[in-house]
Amino acid sequence: MNGSNASDNPAFVQRNDGATGKILIVTAVEAERDAVLRGLGSTDDFVVIAGGVGPAAAAASSAAALAAGHYRLVISAGIGGGYPGQAEIGDIVVSTGIVAADLGAETPDGERFISVDELGFGSSRIEVDERTALRLIDALQTSSMRVIAGQALTVSTATGSAEQAARLAVRVPGAASEGMEGFGVAAAAKLAGVPVLELRAISNAVGPRDKSAWRIGEALASLTKACKRLTEVL
């Protein structure tokens, strides 16, 4: 497993394992939702929705679902990009933290990014549940899957260049995956007082957009395989 030991990571937050309720899984699109459902099989313990693309749609749909039901965990799940040297195509990234990587402002000269944290307008980072993440990582590793524990970055504009990928990797140490919904889902979960995780199956490298190199089918298959273990450990 790449990255630091999850139990030593300060991004984790401890939760009470005695919580009751169902688990809400939020994907962006139907193809991801279908891949999750194939893995879960027939179970009443999970509710899976396709909440839309981007953090705003994800936050709104997650908040609506949380208001209408009783949940003990929320998972943002789907396929996404992997940061070079951290996560490769077909890998599963289990989040150690969820970060809104482009939430902030540029300096007047355009030379530097100022995070919302530095601006004093809140936080661009949301903690995840340590015990649940560790259980899931252990279960996936026993399935002979390559599992990466790392920071899950949320962006509103998908990275399209090697230069931007490098900037984000420096901005968020331990960056492993990139998606467009995780922070929105996590914000809704935090507001509802429900623990959250992000689960990404890697379909492409973060950087230049070369669709010929994308492996969406392979990533969806990895997502399905990972979700088969969710019913055993969550």
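The values are calculated or read from the model by the stated rules, or taken from the named source; none is laboratory data. This one's a predicted model, so the numbers in the text were calculated from it and none came from an experiment. Cβ placement follows ideal geometry from the backbone for every residue including glycine, while neighbour counts extend to all protein chains displayed. Each accessible area value is taken on the protein alone, full model and side chains, heavy atoms only, with ligands, DNA and RNA left out. Shrake-Rupley method; radii C 1.70, N 1.55, O 1.52, S 1.80 Å.
Rg over Rh of the stretch 180-234, using C-alpha atoms and the Kirkwood radius, what does it come to?
1.07
Given the C-alpha atoms of the stretch 70-155, compute the convex hull and give its volume per residue in Å³. The partial results should precede the final answer.
On the way: hull volume 11.1 nm³, N = 86.
So the per-residue hull volume is 129 Å³.
Report, in whole Å, the centroid distance computed from the Cα atoms of the stretch 118-195 and the stretch 58-94.
Between the Cα centres of the stretch 118-195 and the stretch 58-94 lies a distance of 9 Å.
Can you give me the relative contact order of the chain as a percent, contacts being Cα pairs under 8 Å and 6 or more apart?
32
Determine the relative contact order of the stretch 18-144: mean sequence separation of Cα pairs under 8 Å and six or more apart, normalised by residue count, in whole percent. Don't skip to the answer; put the middle values down first.
On the way: 138 pairs, mean separation 27.3, N = 127.
Computed over the stretch 18-144, the figure is 21 percent.
With helices defined as uninterrupted DSSP H runs, which ones in the chain have an alpha carbon span along their own long axis of at least 27 Å and mean Kyte-Doolittle hydropathy of at least -0.5?
Within the chain not a single helix satisfies the rule.
What part of the accessible area of the chain, given as a whole %, is carbon or sulfur when the probe is 1.4 angstrom?
Solvent-exposed carbon and sulfur of the chain make up 52 percent of the total.
Taking a probe of 1.4 Å, how large is the accessible area per residue of the chain, in Å²?
Using a 1.4 Å probe on heavy atoms only, each residue of the chain averages 44 Å².
Give me the compactness ratio for the stretch 124-234, meaning the Cα radius of gyration over 2.2 N^0.38 Å.
Here the answer is 1.11, to two decimals.
Can you tell me the order of 47-53, 36-42 when each peptide is scored by its average per-residue count of other Cβ atoms within 10 angstrom, highest first?
Working: 47-53: 18.6, 36-42: 16.1.
Top of the packing list down: 47-53, 36-42.
Of Lys22/Lys211; Lys22/Lys228; Lys22/Lys190, which sit over 26 Å apart, Cα to Cα?
Flagged as over cut-off: Lys22/Lys211.
Give me the compactness ratio for the stretch 15-119, meaning the Cα radius of gyration over 2.2 N^0.38 Å.
Dividing the Cα Rg of the stretch 15-119 by 2.2 N^0.38 Å gives 1.31.
Among 128-139, 68-79, 196-207, 87-98, what's the highest-first ranking by average C-beta atoms within 10 angstrom per residue?
The densest-packed peptide leads the list: 196-207, 87-98, 68-79, 128-139.
Using every pair of alpha-carbon atoms in the chain, split the distances into 5 Å bins beginning at 0 and state the percent of pairs per bin, rounded to integers.
Here the calculated profile for the chain is 1, 7, 16, 21, 22, 17, 10, 5, 2, 1, 0.
Are there any chymotrypsin sites (Phe, Trp or Tyr not before Pro) in the stretch 109-208 that are in a DSSP loop and have at most 15 other Cβ atoms within 10 Å? List them by number.
Phe121
Determine which aspartates and glutamates satisfy two conditions relative to Lys225: a Cα distance under 12 Å, and not lying fewer than 8 residues away in the same chain.
Asp91
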